[in-house]
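What follows is one structure encoded as structure tokens, with my remarks underneath.
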Amino acid sequence: MDLKLAENIRAFRKARSLTQEQLAEALGVTVGAVYKWEAKLSQPELALIVEMADFFDTSVDVLLGYEMRDNHMGAAVRRLKECRARKDRTGLAEAEKALKKYPNSFDIVYAGAHLYLVFGVEEKERALLRRAMELLEQARLLLPQNTDPKISESTLCGEMAEILIALDSPEQAAALLKRHNAGGMYDDLIGLTLAGDLKSPEEALPYLDEALLKCIAGLIRIVTGYLNVFFERRDYASAQAILQWGLAVFSGLTDGGQPNFLWKVGSVWNVLLADAQLQSGDGASARRSLCRAKEQAALFDASPDYRANALRFVTRAEQAGIYDDLGATAMESAGRAAAQTENAALCKLWKEVREDAE
């Protein structure tokens, strides 16, 4: 508890233009006693604190600098989360107090576990990591209380696996992750653990392949979502920036210049990029983007390849296929994207580009 008694004695004394000698005389103590109080070398007895509060016309709690805290469970949880966000190590003591008061609260136990996990991993303190593991195990038992849809037994086990890796138990961590890998949510971590800690690259590859494919699918959805936001806001500069970033990622996933499924998506994105460029008054760039869309679409349609392992880095042997709802062909998909923008200038320019050299 952080009290401000020393600072407040000095502040109240100076506010009344009193010297330490004058305050000592008023309270019937030595000058040395007042000096020690203000220097935090000692503290006055309770009776003197009450007398000083009366002398300064204030209350004891104000003189002490004490503020009543909200110690209800919700407030305690918020403080623990704030300590974690600020990486305030005093939160560990706060967590233990809350755990004693609310030992069977999922929210308190889980927030405490997170605090110990953060400091245990960052500071490589095994005692903190073991305490985090203990609290996560307790949180699993209290899981029926949880109301956060982002937290489940699988997410708790993922955090426990992180601790096991930090405690030099990668085999246990990998086994735990495999048992709780719903929807492949831990493919990336399993692959990393197998390839790095356990030196099993061949076993790791299928997990890494799955993780990369999910990452690509997620990237497509995320970029498309941002585009909807940016176009709705008429923020065409941001729309161009995120499309250019996404297209650069696609370029890095092309193996040896061979067309792959991302070329079909790329042709659509180049049409949308042209739309943003036209909206910004840059007709020349829009035409170049539409030319790239046409070229990519034509190359993909000449030899359409929907195999997952047509993408760079993906090594899986099975013929996993990728599907979409963009259109039957890449060229059709690009044309549909142009029409859906309802931008007459874009549709006209796309028609001109399509008819060039045809």
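The values are calculated or read from the model by the stated rules, or taken from the named source; none is laboratory data. All values derive from a computational prediction rather than experimental measurement. Don't worry about glycine lacking a Cβ; one is built from the backbone with ideal geometry, like all the others, and counts go over all protein chains shown. Heavy atoms of the whole protein, side chains included, go into the accessibility calculation; ligands, DNA and RNA do not. Shrake-Rupley method; radii C 1.70, N 1.55, O 1.52, S 1.80 Å.
Key figures
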read-out	value
Protein accessible area in the chain, 1.4 Å probe - carbon and sulfur %	54 percent
Residue-normalised accessible area of the chain, given per residue in Å² at a 1.4 Å probe	55 Å²
On Cα atoms only, tilt of 330-340 relative to the major axis of the chain in degrees	60 degrees
For the range 205-296: rounded, prolate or oblate by the Cα gyration tensor [a/c cutoff 1.5]	oblate
Within a Gaussian network of the chain (alpha carbon springs, distance under 10 Å), most fluctuating of Gln277, Gln340, Gln22	Gln22
Highest-MSF residue in the chain out of Arg84, Arg179, Arg131 [GNM, Cα springs under 10 Å]	Arg179
Charge dipole magnitude, Cβ of K and R +1, D and E -1 - the chain, Cα centre, debye nearest 20	380 debye
GNM top mover of Glu25, Glu159, Glu295 - the chain, alpha-carbon springs below 10 Å	Glu25
Extreme residue, positive dipole direction of the range 82-149, given options Ala127, Ala139, Pro103 (C-beta unit charges)	Ala127
Computed lengthening from Thr224 to Glu122, 0.36 nm per intervening residue step minus Cα-Cα distance	33.2 nm
In degrees, nearest ten, helix 201-233 long axis to first principal axis of the chain (Cα)	90 degrees
Cα-centred dipole magnitude for the range 182-295, charges only on beta-carbon of K, R (+1) and D, E (-1), debye, nearest 20	660 debye
Surface accessible to a 1.4 Å probe, Cys291 within the full protein complex, Å²	60 Å²
Lys4 - accessible surface, heavy atoms, 1.4 Å probe, Å² rounded to 10	80 Å²
Cα centroid separation, the range 19-57 to the range 230-301 (Å)	75 Å
Residue pairs, from the table Lys4/Lys124; Lys81/Lys199; Lys87/Lys214; Lys4/Lys101; Lys4/Lys87; Lys150/Lys199, whose Cα atoms sit over 28 Å apart	Lys4/Lys124; Lys81/Lys199; Lys87/Lys214; Lys150/Lys199
Equivalent-ellipsoid semi-axes of the chain, from the Cα gyration tensor, Å, largest first	63, 31, 16
Helix-derived mean residue ellipticity, 222 nm - over the chain, DSSP H n ≥ 4, -39500 (n - 2.57), to 500	-22000 deg cm²/dmol
The range 178-287, relative contact order [Cα under 8 Å, separation at least 6], %	17 percent
Relative contact order %, the chain, counting alpha carbon pairs below 8 Å whose residues are six or more apart	8 percent
Area accessible to solvent at Ser17, 1.4 Å probe radius, in Å²	100 Å²
Ranked by how many other beta carbons lie within 10 Å on average, peptides 88-98, 181-191 from highest	181-191, 88-98
